[in-house]
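Data block below; observations after.
The values are calculated or read from the model by the stated rules, or taken from the named source; none is laboratory data. Since this is a predicted model, take the numbers as computed values, not measurements. So basically every Cβ, Gly included, is an ideal-geometry build from the backbone, and we count neighbours across all protein chains shown.
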């Protein structure tokens, strides 16, 4: 899945356990939001070995661009569920509806099949619903609660009830309003419904409302204080009915510490400290077996990167057992989830959690278990993992960095960067693959684009007092010289440079005017010591990229940006003269490479329909072919060490080519440049106008180094990089 917090919302029940009879082992069903990894959204999985292995049942909500989470409820052998949006940020959206759905058990096939989903709450463009919860009272009525976002940023807790088994739901009942984003837990306990709730960053007491199942459906008790300390985000909690008309509750307070309380049917008792370490990511997940409560939680050791997965028991009298560490590996362990109740005599108590290298990275849903007996668990032996399809590739995260802005990687593996949000004149370098950095030098002006010519030999486009210049360093950025004044012109990025034999080429760009201006193609035959102008192109606004055709040395150039200025050109005389092979708005291509076939492989960087961005090839004779549509404007194309290609697509706040709700940049991989698959996704940070993730180099080990701009989880500056290992 896309991150360590894939199992959010903690308060929701993502896992149920069902006995299907006929001497079969019990089936565990779990709903997981993949966040777009491998193109998947919200998926229902099943397991017959207590979550050791799972297999797909079906998609609950396949739209990976809308991050829905589900709350599951077992009703006999059927599963009732609701799903709704949940994410770090919440904004008004007509897509933020709440749906109820039955997944009915099919005895003959021993599987579950969905019935049509029923919309419970219908969002308008100015509002939206999130954090839907589901309860079934002692009379069999189904209750759905959610929070409605208001124009002032507050949230209204609403509830709707179905008296006909989920075919129809009644009108909204308003339970209360909080000043910020809300969260809570709706739970059926004996013959009562209890609604416990709070809000983000409120530092207010937790509130509650209770209703009796014997009362009319519109009758609720008054709003009252549940306990004096608030619940972090209103939703950092796990609750389960105690089987006696009350509930067990483990929650994180506003000081980010974990506590236990018991509700006895009328009110909550005093709190008991479970974990004193404070951290934003700490969450509980609880399972009840008889009168014993098993409390799983993640405990911070190093912020965002190193957590333990622990367990404590709560006995019948509220006594707290000693902490047991179930997973002490140095990884980020995100939001947890566990089944609510297990039958007495169960041999183990499992818990799922998100496991990732750090809080901002793609990870896996992982499992721990407290073993209560030495008997082997029921169920079949795990099936072997299927062999990957021939030609498929993937990218696995090695490390992520949100403290440095990547500039370049040289052939020896030195990573050059700037401190995120720091001075652009201070070059930093890492010789251990981006783990640690040290200062190289200053005095080279504000660095914008850096290219490694050879190990230790760098080209840079820098600025001083608003004037750009091209410069060279022969000592790894300690000192700079050989300056060439460019005036108001600069490099668009690393792909503004290309090399053929002993000649380096540089295609400049400008952003000062929307009009076409003369753009120069520069050439150097002495390793960047001196430069001369090979040609001047007068019909374009921006120079995007220059690439060399293997074997022939022909040059390709892409330029933009409106329909009259955009073009793809080719030169067979080292850039002295050019032939236009493609013109018009569709010729916009920020990045392109020359395929081994000799064709120019490029992704369109278009932002406005009807020109949906596409990946295309253009032959030297001018034949244009389309390989695939893209979710956003292409931002990079690069070869992969050992064979293959990697492409980045950006998210832009301009234009209309993105699917509704899509806010992510992406990386795609291909073994042959023809068949591509999405392998990673980066959600834009709040307020960003453009988010990108582009491969800007490779380490000698073959690992790719990806520059990330304005992506969520990369600090307040929104920049950083990742090192990714190519999986074949």
Q: Kindly provide the set of residues from region 77-112 that are part of a loop (DSSP other than H, G, I, E, B) and farther than 30 Å from residue 156 by Cα, ordered by number.
A: 77, 107, 108, 109, 110
Q) Out of all the residues in region 405-420, is one or more under 18 Å from residue 475 (Cα atoms), in contact with a helix residue (DSSP H, G or I) (Cβ under 8 Å, 6 or more places away or on another chain) and buried (at least 21 other Cβ atoms within 10 Å of the Cβ)? A) yes
Q: Could you identify the single residue in 586, 598, 551, 592 that is in contact (Cβ under 8 Å) with a residue 12 or more places away in the chain and in contact with a strand residue (DSSP E or B) (Cβ under 7 Å, 6 or more places away or on another chain)?
A: 592
Q.
Quick check on my filter: what residues within region 8-34 are in a loop (DSSP other than H, G, I, E, B), within 24 Å of the chain's Cα centre (by Cα) and at pLDDT 90 or above?
A. 11, 12, 13, 14, 34
Q. Does residue 74 satisfy the condition of being modelled with pLDDT of 95 or more, in contact with a strand residue (DSSP E or B) (Cβ under 9 Å, 6 or more places away or on another chain), farther than 19 Å from residue 8 by Cβ and part of a loop (DSSP other than H, G, I, E, B)?
A. no
**Q.** Options 266, 278: the member that is more than 30 Å from residue 158 (Cβ to Cβ) and either at pLDDT below 95 or not in a strand (DSSP E or B) (or both)
**A.** 278
Q.
I'm trying to understand the selection: among the residues of region 349-371, which are farther than 19 Å from residue 302 by Cα and surrounded by 15 or more Cβ atoms within 10 Å (Cβ to Cβ)?
A. 349, 350, 351, 352, 365, 366, 367, 368, 369, 370
Q: Could you check how many residues of region 680-704 are closer than 15 Å to residue 361 by Cβ, assigned to a strand (DSSP E or B) and at pLDDT 90 or above?
A: 5
Q. Among the residues of region 34-44, is there at least one that is in contact (Cβ under 8 Å) with a residue 12 or more places away in the chain, buried (at least 21 other Cβ atoms within 10 Å of the Cβ) and over 21 Å from residue 8 (Cβ atoms)?
A. no
Q) Hey, does region 317-331 have a residue that's closer than 13 Å to residue 284 by Cα and in contact with a strand residue (DSSP E or B) (Cβ under 8 Å, 6 or more places away or on another chain)? A) no
Q: Kindly provide the set of residues from region 643-661 that are in contact with a strand residue (DSSP E or B) (Cβ under 7 Å, 6 or more places away or on another chain) and touching a residue at least 40 places away in the same chain (Cβ under 8 Å), ordered by number.
A: 644, 645, 646, 647, 648, 649, 650, 651, 652
Q. Given the structure, is residue 334 in a loop (DSSP other than H, G, I, E, B) and either in contact with a strand residue (DSSP E or B) (Cβ under 7 Å, 6 or more places away or on another chain) or buried (at least 16 other Cβ atoms within 10 Å of the Cβ) (or both)?
A. no
